[in-house]
1. Compute and list, largest first, the equivalent-ellipsoid semi-axes of segment 131-273 from the alpha carbon gyration tensor, each √(5λ) rounded to a whole angstrom.
2. Assuming R0 = 22 Å, can you tell me the calculated FRET efficiency for the pair N191 and C93, based on Cβ-Cβ distance, to the nearest 0.05?
3. Of all beta bridges DSSP finds with both residues in the chain, what is the antiparallel percent, to the nearest 5?
4. Sort 88-98, 34-44 by packing, meaning the average of other beta carbons within 10 Å per residue, with the highest value first.
5. Can you give me the long-range amide H partners of Y236? Hydrogens built in the peptide plane at 1.01 Å from N, cutoff under 5 Å, separation of 5 or more residues or another chain.
6. Could you work out how far the C-alpha centroid of segment 139-190 sits from that of segment 213-287, in angstrom?
7. What GluC sites (Glu not before Pro) does segment 178-232 have in DSSP loop regions with at most 16 other beta carbons within 10 Å?
8. Which stretch or stretches of segment 175-197 have amide N atoms under 19 Å from the point lying 7 Å from K140's Cα along the Cα→Cβ direction?
Amino acid sequence: MMKIMTYVLICSALLSGCNELKEGSSEFITVGTFNIQWLGDGHDDNVSRSDGDYAEIADIISSSGMDIIAVQEVENEAAVNKIIANLEGYKACMSNKSGKQNVGIIYKDHINITSTHDYMPLTMNGRSRPGYVVSASVGKNQFDIMVVHLKSTSRYDSTDELRLASREMRAAQAELISNWADSMMSIEKRNELVIMGDFNDYPARKNNATLTPIIYNPNLVFLTAEVKSCKQSNLYAIDHIVVSTTTCKRFVQGSVFVYDFNVSLPDTDAEKVSDHCPISVQLKLNK
């Protein structure tokens, strides 16, 4: 219990420090994450979508105001290009290491993206998806971003043994993410870190918690720890944005935003978008 209370106090103090930043400034970047449920390329897709459905997804991304979007469950470049075709001024880059559920980023074209690579340890020897690491520059501001989609515990885990195995794998992935962040900061001297994506768990979980290595890393902060699911408001969201303590100082107070498109679209249209909602935050930029 003492460890949990210590974490809460540390995290609260960090976010309180972040919240001293003023709102209303135009000098910020909006970063977010969006699991676009089984986004296919139009051939043998798990979720069949029309041209209008792709345009609707693009409109949601554009309307959200996000400058950099970590995306998950995207089949390939052809699939993401169906979105980009409806997004003026955006580009994308994708991993292609994980069948029909790859990760990547969509970003506005004034942002410079370099040094893209897959972080293969997260595959757990081919049993899950890799992370996708990019370096993003906006003016003189540079961020190292990792996009993740961690192992789920789903209905396919039909036995106690399978459920335990999925949790153990996700906990091991969280440990790898924590170690990657430590290495980036201590060895590479890269202190501006953003880790975004589908964590398939939430930091507030008390039983069978799997994100503990990230939660207790003193150099990392969950900015979205209190966000609730847009599909089930009594549950916490599993899509998250984690930043280094250095990047936390850029966090704009009150900027955590869940774009709940379900309230404005008929159910049949919303189902063609995703079973997740985009989640974003704003980070101050240095001139």
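The values are calculated or read from the model by the stated rules, or taken from the named source; none is laboratory data. Predicted model only: the values in this text are computed from it and were never measured. For neighbour counting, all protein chains shown are included, and Cβ atoms are generated from backbone atoms with ideal geometry for every residue, glycine included. Each accessible area value is taken on the protein alone, full model and side chains, heavy atoms only, with ligands, DNA and RNA left out. Shrake-Rupley method; radii C 1.70, N 1.55, O 1.52, S 1.80 Å.
1. 26, 22, 13
2. Details: r = 23 Å, r/R0 = 1.06.
The calculated FRET efficiency here is 0.40.
3. Details: 41 of 53 bridges.
Beta bridges within the chain, antiparallel portion: roughly 75 percent.
4. Details: 88-98: 16.5, 34-44: 19.4.
The packing order, highest mean first, is 34-44, 88-98.
5. The list, which skips near neighbours in sequence, is S229.
6. Using only Cα atoms to place each centre, the spacing works out to 17 Å.
7. Values: sites: E188, E192, E226; in loops: E188, E192, E226.
Filter output for segment 178-232: E188, E226.
8. So the set is 190-193.
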